[in-house]
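J.: Just dropping this structure here.
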Amino acid sequence: MTDINSVTGSTSSLAPPATLPGQQLNQGDFLKLMIEQFRAQDPTNPTDPSQMVAQMAQFSQIAATQQMQASFSQLASSLQGDQVLNASSLIGRQVLVPSTQATLGAGGVDGAVNVPDSALDVHVTITDASGSAVRTLNLGQHSSGLANFHWDGLDDSGKALPPGNYQIHATNGGNPLDTYVQGQVSGVGNTGSSGTYVQVAGVGGVLLNQIAQIL
C-alpha cells in the first residue's frame, strides 16, 4: 500500500500500519484511501499507473476474501443447524456412549467393553461411591470389538443395591479397557466449537461423534 507524506505530498511504498484490536479495513475504507491518495498526489510526479493497478488488485482480493468468509460462516451455521435437526431423531432412542460411570435404576445397567484385540479374561468391576468393589462380572473370552454386559443391580452376595451412581472398570488380564454405558437420549444441542451433542440419561452430555451404537 502507498503511504502519503503529509509535508511534501510525495508518495513512498511503506507497509500498511497495523490495525488496532477490533479494527479492520473494509472495502469502503480502502476506496476512500485511494481517492485521498489521488487528491494529494504531486502533479509533477503523479502516481505510477502500475501502483494503481496493484492497489486495485489488492482491493479486489480483499473484497473476494470478505465475501468468501461470509459464505463460509453462513455454510457453517447451516451445517450446524442441519446436524442438530438430524440428531433430534435420536431423542427417545437408546445409545451406547463412552462412560466410566453408571446410574443404577430399576432395570439395572447395560453397557459394553471395548476389546481392541482378542481377550481371554475380560472382567467388569462395579464400585460404589466409597470406591469399594460391590460386583464383579466375568465376561470371559472375547474377540475384538464390543463385549456387552448387563448388571442387575445386585452385589456379589446377591443383595440388591440402592439406586444411584456407580463406577465401572473393565480389565483384561489386569490391563484396563474402555467402557461404555447404555442410556436414553433426552435432548440434543450444539456446543459451537465442539459440535453437536446429545443428552444421555444417567451419563450427561456426549458429543454426537462419540456414540458407539444406536440401539
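J.: Measuring from label point to label point, each 7 Å out along Cα→Cβ, what is the PHE38 to LEU85 span in nm?
T.: Using points 7 Å along Cα→Cβ, the separation is 4.7 nm.
J.: Residue by residue, what Karplus-based ³J(HN,Hα) values in Hz, rounded to whole numbers, does the range 199-204 have, using 6.51, -1.76 and 1.60 with θ = phi - 60° and x for Gly and Pro?
T.: 9, 10, 4, x, 10, x
J.: Which of MET34, MET68 comes first, and how do the rest follow, when ranked by fewest Cβ neighbours within 10 Å?
T.: MET68, MET34
J.: So for the pair HIS150, GLN213, with labels modelled 7 Å out along Cα→Cβ, what separation do we get in nm?
T.: Label at HIS150, label at GLN213, 1.3 nm between them.
J.: Quick one: which residues, 5 or more positions from GLY153 or on another chain, have an amide H under 5 Å from its amide H? H modelled 1.01 Å from N in the peptide plane, none for Pro or chain starts.
T.: VAL109
J.: Something else: Normalised by the residues of the range 92-214, what does the relative contact order come to in percent, with Cα pairs under 8 Å and at least six apart?
T.: 36 percent
J.: Cα-based Rg (one decimal) and Dmax (whole number) for the range 92-214, in Å?
T.: Rg then Dmax for the range 92-214, in Å: 14.8, 47.
J.: If amide hydrogens are placed 1.01 Å from N in the peptide plane, which non-local residues have theirs closer than 5 Å to the one on LEU139?
T.: Those qualifying (amide H under 5 Å, at least 5 residues apart or on another chain) are VAL122, HIS123, VAL124.
The numbers here are math on the coordinates, done by the rules we state, and not lab data. Just so it is clear, the structure is predicted and the values come from calculations on it, not from any experiment. Using ideal geometry, Cβ is built from the backbone for each residue, glycine included, and neighbour counts are taken over all protein chains shown.
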